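K.L.:
One structure follows; several queries about it will come next.
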Amino acid sequence: MTDDNPIRVLLVDDQALVRLGFRMVLEADTGLHVVGEAADGLEAVRLAVETRPDVILMDVRMPSLDGIEATRRIVAANPDARIIILTTFDLDEYAFGGLRAGASGFLLKDARPSELTDAIRAVAAGDAAVSGRVTRSMLELFADRLPAASTGQPAGADPTAALTPREREILLAIAEGLSNGEIGTKFFLTESTVKTHVGRVLSKLHLRDRVHAVIFAYDNGLVER
């Protein structure tokens with residue numbers, strides 16, 4: 001996105017002062033544009049349809065409808081929706097629930113302005129706003145308390161059958177939390193080649209981003225719990 005075509009952002013938080021703070025940060029960046037504010041999950045679902053934002057900043061603890069269920073409903077209606085969960089604590093069970101529901105990342109509410117804007121740009125570009133290592137840590141902490149994601153695979157089927165041997169290696173490396181640079185070093189590949197492989201893995205497995213590749217690998221027993 002450019003200044004002439006800014007990233008459209010929807011703010012969702014039940015605290016007006018929190019929304020104001022985020023709005024002030026975002027409006028100071030000419031490449032970002034706030035298209036609306038919601039004070040609860042129900043309003044967020046409605047505004048997501050009306051405003052069609054590029055990125056939604058979603059609080060989790062809200063009245064009427066929490067951010068996890070709001071995320072689930074928004075993604076069900078629009079699979080291309082990009083949502084960043086806002087949380088107070090790192091490795092928060094609610095943040096993990098948001099990732100399970102279809103969010104593309106999470107961010108601490110006290111994140112620096114540059115972290116906030118970088119996360120929005122990353123998610124708008126189709127990347128994830130949380131590292132694979134953090135996702136693995138969240139899985140290890142909370143996976144047993146939350147329902148496993150449905151893979152849509154018949155019982156006994158190889159969930160990675162569509163992947164080449166190299167692409168399967170790349171998927172496992174993503175699940176280990178390795179960055180593109182680290183994957184390149186491990187397999188003696190350039191970062192651009194790794195990026196191409198990652199894109200193919202996500203496309204073939206119908207995954208939204210790297211976060212969901214980690215969850216996919218975990219749910220299908222490709223990495224140990």
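K.L.:
Could you tell me which residue of segment 93-133 is surrounded by the fewest Cβ atoms within 10 Å (Cβ to Cβ), considering only residues that are β-branched (V, I, T) and farther than 18 Å from L207 by Cα?
P.N.:
So, considering only residues that are β-branched (V, I, T) and farther than 18 Å from L207 by Cα, the one surrounded by the fewest Cβ atoms within 10 Å (Cβ to Cβ) is T117.
K.L.:
Residues to consider are R52, R19, R23, R82; find the one that is more than 19 Å from R121 (Cβ to Cβ) and in the same structural domain as S104 (by TED's automatic domain parsing).
P.N.:
None of the others qualify; the one that does is R19.
K.L.:
Continuing with this model, one more query. Out of contact with any strand residue (DSSP E or B) (no Cβ under 7 Å at 6 or more places or on another chain) and either more than 27 Å from V198 (Cα to Cα) or surrounded by fewer than 14 Cβ atoms within 10 Å (Cβ to Cβ) (or both): does that describe R136?
P.N.:
Here the answer is no, as R136 does not meet what is asked.
K.L.:
Also, quick follow-up: Only one of L42, L32 is surrounded by 20 or more Cβ atoms within 10 Å (Cβ to Cβ) and either under 30 Å from L139 (Cβ atoms) or in contact with a strand residue (DSSP E or B) (Cβ under 7 Å, 6 or more places away or on another chain) (or both). Can you tell me which?
P.N.:
L32
K.L.:
Among the residues of segment 160-190, count how many are in contact with a Gly (Cβ under 9 Å, 6 or more places away or on another chain), surrounded by 15 or more Cβ atoms within 10 Å (Cβ to Cβ) and not aliphatic (A, V, I, L, M).
P.N.:
The total comes to 3.
K.L.:
Here's something else I'd like to know. Wholly within segment 1-102, which strands (runs of 3 or more DSSP E) include no fewer than the required count, namely at least 2 residues that are free of Cβ contacts under 8 Å to residues at least 40 places away in the same chain?
P.N.:
Here the list reads 32-38, 83-87.
K.L.:
Taking segment 40-67, which residues are more than 20 Å from F89 (Cβ to Cβ) and among the acidic types (D, E)?
P.N.:
Passing the criteria: D40, E43, E50, D54.
K.L.:
Residues I215, I170: which one is aliphatic (A, V, I, L, M), under 22 Å from A129 (Cβ atoms) and at pLDDT 90 or above?
P.N.:
Answer to the check: I170.
The values are calculated or read from the model by the stated rules, or taken from the named source; none is laboratory data. Predicted model only: the values in this text are computed from it and were never measured. Using ideal geometry, Cβ is built from the backbone for each residue, glycine included, and neighbour counts are taken over all protein chains shown.
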